[in-house]
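The values are calculated or read from the model by the stated rules, or taken from the named source; none is laboratory data. Note that the structure is predicted; figures quoted are calculated from it, not measured. Because the Cβ atoms are built from the backbone with ideal geometry, glycine has one as well, and the counts that use them run over all protein chains shown. These accessible areas exclude ligands, DNA and RNA; they are computed on the full protein's heavy atoms, side chains included. Shrake-Rupley method; radii C 1.70, N 1.55, O 1.52, S 1.80 Å.
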Amino acid sequence: MFKQNQKGFTLIEIVVVMGIISILAAIITINVQSARQKSRNGKRRVDIISLQAPLEAYYDANKVYPNTNGNWWGIDVTYGSHDVYGPNGWIPNLAPTYISRLPSDPLDNGAHRTYVYRSDTFNYKICALQWPPDLTGNDGGVFNNPKDTFYDPLRPDHCWMVCSGEPACSSW
C-alpha cells in the first residue's frame, strides 16, 4: 500500500566496490614497486659509470689509480666502513678533488647493498653489490645476464661492475 523510498547502497554493493578497489590497489602497488626497483637499478648503473671519468682524471694527474692495496673498500661494514670523501673514502682521495662526493647505493643499509672498489694502483674495479643475492627475481631480472655490458662474470647473481681492464675485469 505504501511505497518505500530507499536511499543508499546495499551491503552487497559496498562489498563489491571495496573488492574492486582492493584489487586495483594491489595491482598499482605491484607496478610501483617494480618501477622503484628499476629506478634504483638504473641509479646504480649510472653511479658506477659516473666514477670512470674521475678515476681517469686521477690517473692522468698521478699516473696511478687510488690504491687500496688490492683490498675491497666500501661503505659497508664488511668492506671497512669507509666514507664518501677524503683519504678514507671508499675510493681513497677521489672526492672532493675529482668528484664532489662518492655515491652510495640507493638502498644502502650498511650491510647488504653497497658499492665497492679495489685497486692495485694500475688496475681498478668498481662493483655495485646486492648481497645476499636476490634469487626471487625481485631484482627485475637484471643480474646474471651475460649480454649486459656491466655484468660481472665472477658475481653473476648479485653484481654489476666497471673496471680498467685485465686482470681486474675477469679475475677480481
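Out of 64, 84, I need the residue that is among the β-branched types (Val, Ile, Thr), touching a Leu at 6+ places or on another chain (Cβ under 7 Å) and open to solvent by less than 50 Å² (accessible area, probe 1.4 Å). Which one? Every option except 84 fails the conditions.
Would it be correct to say that residue 24 is aliphatic (A, V, I, L, M) and in contact with a strand residue (DSSP E or B) (Cβ under 8 Å, 6 or more places away or on another chain)? Can you show your working first?
Details: aliphatic (A, V, I, L, M): yes; in contact with a strand residue (DSSP E or B) (Cβ under 8 Å, 6 or more places away or on another chain): no.
No.
For region 45-56, a tally of residues being open to solvent by less than 40 Å² (accessible area, probe 1.4 Å) and either of a type in the set (A, V, I, L, M) or within 13 Å of residue 124 (Cβ to Cβ) (or both) returns 4. Please verify whether region 113-120 includes one or more residues that are buried (at least 18 other Cβ atoms within 10 Å of the Cβ), out of contact with any Asp or Glu (no Cβ under 6 Å at 6 or more places or on another chain), small (Gly, Ala, Ser) and modelled with pLDDT of 90 or more. Yes, there is a match, as at least one residue in region 113-120 is buried (at least 18 other Cβ atoms within 10 Å of the Cβ), out of contact with any Asp or Glu (no Cβ under 6 Å at 6 or more places or on another chain), small (Gly, Ala, Ser) and modelled with pLDDT of 90 or more. Picking from 104, 34, which residue would you name as being part of a helix (DSSP H, G or I) and either under 22 Å from residue 160 (Cβ atoms) or among the basic types (Lys, Arg) (or both)? Within the list 104, 34, the selection yields 34. With respect to the stated conditions, residue 97 is exposed (fewer than 14 other Cβ atoms within 10 Å of the Cβ), touching a helix residue (DSSP H, G or I) at 6+ places or on another chain (Cβ under 9 Å) and not in a helix (DSSP H, G or I).
Apart from one condition, residue 20 fits all of (1) without any contact (Cβ under 8 Å) to a residue 24 or more places away in the chain; (2) among the hydrophobic types (A, V, I, L, M, F, W, C); (3) assigned to a loop (DSSP other than H, G, I, E, B); the exception is (3).
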